[in-house]
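Engineer: Before I ask anything, let me first share the structure, which is written out below as structure tokens.
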Amino acid sequence: MYYLLLILAGFAWAAYCRFENRKIIELSRKLPGDLTAWPLIGHAYLFRGNHEDQMRIFQKAGRLTINRGGVASYWIGSRLYIIPIWRPRRKILAPTFSMKNLNRFVDVFVEQSSVTLEQLRPRASSGTFSMWYYLTTYTFDAVCETALGVKMNSQLQPSHPFLEALGEITQLTAARMVQPWLYSDWVYKTLPQYKRVEKCRALMYDFVEQVLKTKREAMKMNEGKPHSQSEADLRPKSFLEMLLDLNQFTDLEIMEEILVITAAGTDTSAVAASFTMVLLSRYPEIQDKLTDELLQVFGDSERAVTAVDLPRLRYLEAVIKESLRMYPPVPIIVRSVDNDTELRLVLVDGVGVLVNIWAMHRNPYYWGDDADVFRPERFLEPLKHPAQFVPFSYGLRNCIGYQYAMMSIKTVLATLLRQYRVLPPGGADQSNLKEPLRVEFDIMMKDVDKFQIQIENRFKSSSS
């Protein structure tokens with residue numbers, strides 16, 4: 001009798017949930033996907049396997065969605081996601097990302113790029129290596145100096161606790177995203193992964209909190225003192241110092257914003273720059289065009305990049321954008337529907353919207369039949385639609401640091417490519433160099449082969 005009551009209670013609960021979600025269920029029938037959903041877990045079973053397998057599913061779902069006209073639906077557990085192929089803090093933060101402030105950061109990008117250049121000298125003509133370490137430590141040092149106002153020197157230090165914690169928490173979050181049975185905080189907190197996440201989070205917060213405390217103490221000590229043009233006064237203010245000057249955030253809010261800038265700015269820029277280097281190694285004709293532009297702007301001089309140079313590097317920007325189009329660091333983004341919203345059909349309150357950026361960037365309707373071809377020239381012409389290229393999202397919730405990231409990437413690539421020619425890995429099959437790269441899902445989309453390349457000095461006399 002007990003088990004019978006339990007079964008009846010289960011059916012009653014299922015019927016209640018179905019009644020409560022009837023509008024969502026009806027919407028899923030109007031926007032079907034092409035992949036089979038299983039009872040209870042929906043399409044979550046598709047995400048079994050490794051990170052590369054998971055990225056293949058996002059790619060497959062994206063292409064199937066394009067074939068359905070741009071919109072389809074998929075169930076992740078009991079939650080329905082619609083896949084379209086297509087403010088208070090933000091308002092306060094926006095002025096800190098003005099071009100005036102960003103131009104001041106170029107000197108930081110140049111200084112850190114010079115360190116990267118030196119770190120790479122032993123790699124010239126020495127065989128295949130992974131570019132990832134060099135670019136992720138560059139972006140980390142640049143972001144920390146501009147966001148926190150502190151020099152981390154991770155490029156010169158084999159491992160840094162903050163950077164290691166960031167890498168681990170990213171991997172743990174990516175794993176949770178594709179396992180809906182871990183969405184419940186009650187369940188997740190019982191697992192060892194949760195303790196690792198909390199340890200990493202505590203380390204990162206403690207570090208930023210200590211920096212914040214030091215900055216506040218320094219500001220108090222300088223209150224009332226006569227202004228002097230010291231070296232510290234002449235350097236650009238960090239984002240942390242600009243937020244403190246605004247005096248509109250609590251310490252916790254400041255730490256949250258700074259951590260977002262640091263975490264997002266490190267990996268996205270490093271992934272974008274790394275994919276660009278790998279693609280240039282596979283397309284020597286494009287690398288030659290880029291070299292011609294660098295010669296036009298800098299000649300044969302060894303002077304450093306300046307803020308004035310960056311807008312003149314139009315082909316370099318096109319190359320970076322084409323890399324971002326084909327391999328967006330963030331391949332998918334998710335938005336929640338809080339009110340019924342009319343798209344093609346009415347998206348009802350309670351569903352999630354998963355924007356498949358990877359698929360949007362390869363939609364032949366907007367990009368042509370050569371959408372899978374690396375062709376930077378397409379960005380030297382006007383786009384058909386402003387929302388067809390969204391590597392940093394779009395609209396009111398787009399990435400506020402888009403221009404910052406582009407300036408950082410352009411600076412480091414211009415610095416490195418003036419000195420080094422990029423080559424594909426040793427032993428690579430020449431006939432496969434134009435084939436799509438194997439990628440995996442790790443919050444960011446990354447190269448399965450860890451961004452392997454070779455480099456050689458452009459000028460014989462510059463060898464170390």
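Nothing in this text is a laboratory measurement; each read-out follows from the coordinates by a stated rule. In this text the structure is predicted, and so the values were computed from the model without any measurement. A quick note on method: Cβ atoms are made from the backbone with ideal geometry, for glycine too, and the neighbour counts reach across all protein chains shown.
Engineer: Rounded to the nearest whole Å³, what is the per residue volume of the convex hull around the Cα atoms of the stretch 382-438?
Structural biologist: Per residue, the Cα convex hull of the stretch 382-438 comes to 161 Å³.
Engineer: Pairs Lys321/Lys446; Lys195/Lys215; Lys151/Lys410; Lys410/Lys446: which exceed 24 Å Cα-Cα? Display every interim value, and only then the final one.
Structural biologist: Details: Lys321/Lys446 16 Å; Lys195/Lys215 30 Å; Lys151/Lys410 21 Å; Lys410/Lys446 20 Å.
Check vs 24 Å cut-off fails for Lys195/Lys215.
Engineer: Once you keep just the Cα pairs under 8 angstrom separated by 6 or more residues, what percentage relative contact order results for the stretch 330-402?
Structural biologist: Relative CO of the stretch 330-402 lands at 26 percent.
Engineer: Kindly state, to the nearest 0.05, the FRET efficiency for Phe459 paired with Leu182, given R0 = 51 Å and r defined as their beta-carbon distance.
Structural biologist: Once rounded, the FRET efficiency stands at 0.45.
Engineer: Label the stretch 249-399 by shape, choosing from rounded, prolate and oblate, from the square roots a ≥ b ≥ c of the eigenvalues of the Cα gyration tensor; if a/c is under 1.5 it is rounded, and otherwise prolate applies when a/b is larger than b/c, oblate when it is not.
Structural biologist: oblate
Engineer: OK, next. 7 Å from Cα along Cα→Cβ at both Gln430 and Glu302: what's the point-to-point distance in nm?
Structural biologist: 3.4 nm
Engineer: Further question: By how many nm would the segment from Gln210 to Tyr402 grow when fully extended, if each residue of separation counts as 0.36 nm and the alpha-carbon distance is taken off?
Structural biologist: 66.3 nm
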